[in-house]
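The values are calculated or read from the model by the stated rules, or taken from the named source; none is laboratory data. Given the structure is predicted, the values throughout are model-derived calculations rather than measurements. Cβ: placed from backbone, ideal geometry, glycine included. Neighbour counts: every protein chain shown. Surface areas here come from the heavy atoms of the whole protein model, side chains and all, with no ligands, DNA or RNA. Shrake-Rupley method; radii C 1.70, N 1.55, O 1.52, S 1.80 Å.
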Amino acid sequence: MNLNERIPNNVNLSEDKRLQRALEKWLPNFLSWWHDMGPDGFQEKDVWLRTAIDVGSEGWAHFDYVKMPEYRWGIFLEPAQPDAKVGFGDNYGAPAYQEVPGEFRNALRRIIVTQGDTEPASVEQQRQLGHTCPSLYDMRNLFQVNVEEGRHLWAMVYLLQGYFGRDGRDEADALLERRSGNPDKPRILEAFNQPCDDWLNFYAFTMFTDRDGKYQLSALAESGFEPLARTCRFMLTEEAHHMFVGDTGLSRVVKRTAQLMKQNPNEDARALGGIPLDIVQKYINFWFSYSLDLFGGEISSNSADFFAAGLKGRFKEQEQYTDHIAADGTFTMMVVENGKLVPREVPLRNALNEVLRGEYVKDCEKGLARWNKALTDEGLSERLCLPNIRFHRHVGEYAGHSFNIEGNLISKEEFEAKKSEWLPTIEDREYVRSLMRPVTEIGKIANWIAPPTSGIKGKPFEFEYVRL
Ligand SMILES: [Fe+2]
Ligand SMILES: [Fe+2]
């Protein structure tokens, strides 16, 4: 591990002068992007952050006060596995690719660019949230997520510059040029162009959208392109914290809402400055449906090609499956035909987006169970739920059709008439925003959210996580 170089790394960067030069040329552009599009304000403040200093299970998370622009962004890959093999697809069992196979070059570049684009996008989406944090603990978590998304961008840029030559360098530059929500140069995926401008959005985003990241990275951690697999394996260790922030954040909102409901004779949390459960449900519906789109079309020749080439596997491909060829299985899914939902059987390889999406949905359901337990613990009978996977989709088989929250086909008019019951309205968003007043005293927390059950890395909640 070379921590003292300009770009910390464990890939022997100093021995590859061409790559080192390319990355050092990119570094000031990254910093100027971070300055312009990273967290607004607080750049000069000391934040109690963890920094990767080793990829081993103990050493990679080192905690100390750091000013965000001085965070040690770097290039960290999990150790190479001796005799790594392509773990699935048509080349199953062949030696893993250490270089980009020419015939898969475009597909691989597209996979890496698409993943890479999400990382700076989320930082852009979240850049104003520091100003309205509910506590110092939450502010610190926000900035931790932000710097790590910055490092994930480095991870993808390393692959582009290290393995794709000239066009890889161009793509690395373009990753700093697109802007979340900008109509002229938007980010590639739609969820990453949606505003994330209040903390309920932030928790829902890190719960649902970062969790999509977990599944994409897990599928790429199986890749036969060994540098990609090793990069993604290390990114997954960081990603876990992002989902923790979202999952526990929503849990704390739900808990506080339940407490306020009990204090009010009409069980009206809003009357006491809380976020009503129906608004929480609408935010869930919004971010869950946009995040489902990130998996791509239900029936996809790309998914079949990526799998056949050994580039993108299934979730826990090695652990969960015995047949890694998957050449003759089938998968049955519901599709719309002549205005009706009917089952259609497709070759398994063409359904792998849907298979991965199914794993993701199961994981999300566990989050819902935890939040519902928070309601039970407070003695309430109300429940939150996930909408059906067909609801409010913009990509794939269900895009262009209207479904209700249970997943039944309805007319566009019916959808429009009910939309305000299912998705956040302007009034809902304005109400949530009206609650977003910063609380920055040590140990204090906003009224609309419960404190966490413990602090970070053995520190109490009452700790100066950010020195203001
Ligand atoms: Fe990320
Ligand atoms: Fe993340």
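ASP138: of a type in the set (Asp, Glu), farther than 17 Å from THR237 by Cα and either open to solvent by less than 10 Å² (accessible area, probe 1.4 Å) or in contact with a helix residue (DSSP H, G or I) (Cβ under 9 Å, 6 or more places away or on another chain) (or both), yes or no? Give the derivation first.
Details: of a type in the set (Asp, Glu): yes; farther than 17 Å from THR237 by Cα: yes; either open to solvent by less than 10 Å² (accessible area, probe 1.4 Å) or in contact with a helix residue (DSSP H, G or I) (Cβ under 9 Å, 6 or more places away or on another chain) (or both): yes.
It is true that ASP138 is of a type in the set (Asp, Glu), farther than 17 Å from THR237 by Cα and either open to solvent by less than 10 Å² (accessible area, probe 1.4 Å) or in contact with a helix residue (DSSP H, G or I) (Cβ under 9 Å, 6 or more places away or on another chain) (or both).
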Residue count, region 234-252 (criterion: open to solvent by less than 10 Å² (accessible area, probe 1.4 Å) and among the aliphatic types (A, V, I, L, M))
3
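So which residues in region 173-189 are within 19 Å of ILE75 (Cα to Cα) and either over 20 Å from the mean Cα position of the chain (by Cα) or open to solvent by 40 Å² or more (accessible area, probe 1.4 Å) (or both)? Before the answer, list the steps.
To start, the set of residues in region 173-189 that are within 19 Å of ILE75 (Cα to Cα) comprises 173, 175-176.
Hit for region 173-189 is ASP173, nothing else.
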For region 111-126, pairs from a residue that is near ligand 1 (Cβ under 10 Å from one of its atoms) to a residue that is in a helix (DSSP H, G or I) and acidic (Asp, Glu), with Cβ under 8 Å and 6 or more apart or across chains, are GLY116/GLU171; GLU119/GLU149; PRO120/GLU149; SER122/GLU149; SER122/ASP210; VAL123/GLU149
Pairs returned, first residue in region 420-432 that is over 17 Å from GLN194 (Cβ atoms) and open to solvent by less than 20 Å² (accessible area, probe 1.4 Å), second residue that is at pLDDT 95 or above and of a type in the set (A, V, I, L, M, F, W, C), beta-carbon separation under 8 angstrom, 6 or more apart or interchain, are none
Restricting the search to region 210-247, which residues are out of contact with any Leu (no Cβ under 6 Å at 6 or more places or on another chain), closer than 22 Å to VAL361 by Cβ and within 10 Å of ligand 1 (Cβ to nearest atom)?
ASP210, GLY213, LYS214, GLN216, GLU239, HIS242
With the structure loaded, tell me whether ARG187 is assigned to a loop (DSSP other than H, G, I, E, B), closer than 30 Å to PRO134 by Cβ, touching an Asp or Glu at 6+ places or on another chain (Cβ under 9 Å) and within 16 Å of ligand 1 (Cβ to nearest atom) or whether it fails that test.
yes
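Of the residues that sit in region 261-279 and are crowded, with 21+ Cβ neighbours inside 10 Å and of a type in the set (A, V, I, L, M, F, W, C), which one is nearest to HIS62 (Cα to Cα)?
ILE275
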Could you count how many residues in region 323-349 are open to solvent by 70 Å² or more (accessible area, probe 1.4 Å) and part of a loop (DSSP other than H, G, I, E, B)?
3
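With the structure loaded, tell me whether GLY224 is over 17 Å from GLU149 (Cα atoms), away from ligand 2 (no atom under 16 Å from the Cβ) and buried (at least 23 other Cβ atoms within 10 Å of the Cβ) or whether it fails that test.
Details: over 17 Å from GLU149 (Cα atoms): yes; away from ligand 2 (no atom under 16 Å from the Cβ): yes; buried (at least 23 other Cβ atoms within 10 Å of the Cβ): yes.
When the stated conditions are applied, GLY224 passes them.
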Scanning region 26-81 for residues that are among the hydroxyl-bearing types (Ser, Thr, Tyr) and in a strand (DSSP E or B), which turns out farthest from the chain's Cα centre (by Cα)?
TYR65
Might you check whether a residue that is without any contact (Cβ under 8 Å) to a residue 12 or more places away in the chain, within 19 Å of ILE284 (Cα to Cα) and either surrounded by 18 or more Cβ atoms within 10 Å (Cβ to Cβ) or more than 26 Å from the chain's Cα centre (by Cα) (or both) occurs anywhere in region 381-404?
yes
Checked region 148-172 for anything within 16 Å of ligand 2 (Cβ to nearest atom) and open to solvent by 10 Å² or more (accessible area, probe 1.4 Å); matches are none
Pairs needed: first member in region 205-227, under 19 Å from TYR283 (Cα atoms); second member anywhere, open to solvent by 10 Å² or more (accessible area, probe 1.4 Å) and within 14 Å of ligand 1 (Cβ to nearest atom); C-beta distance under 6 Å; at least 6 residues apart or different chains.
ASP210/MET243; ARG211/MET243; ASP212/LEU294
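Which members of region 292-309 meet the condition of being farther than 22 Å from MET334 by Cα, out of contact with any Pro (no Cβ under 9 Å at 6 or more places or on another chain) and not acidic (Asp, Glu)? I'd like the intermediate steps shown before the answer.
Step one: of region 292-309, the residues farther than 22 Å from MET334 by Cα are 305-309.
So of that shortlist, the ones also out of contact with any Pro (no Cβ under 9 Å at 6 or more places or on another chain) come out as 305-308.
Once the filter is applied, which keeps residues that are farther than 22 Å from MET334 by Cα, out of contact with any Pro (no Cβ under 9 Å at 6 or more places or on another chain) and not acidic (Asp, Glu), region 292-309 yields PHE306, PHE307, ALA308.
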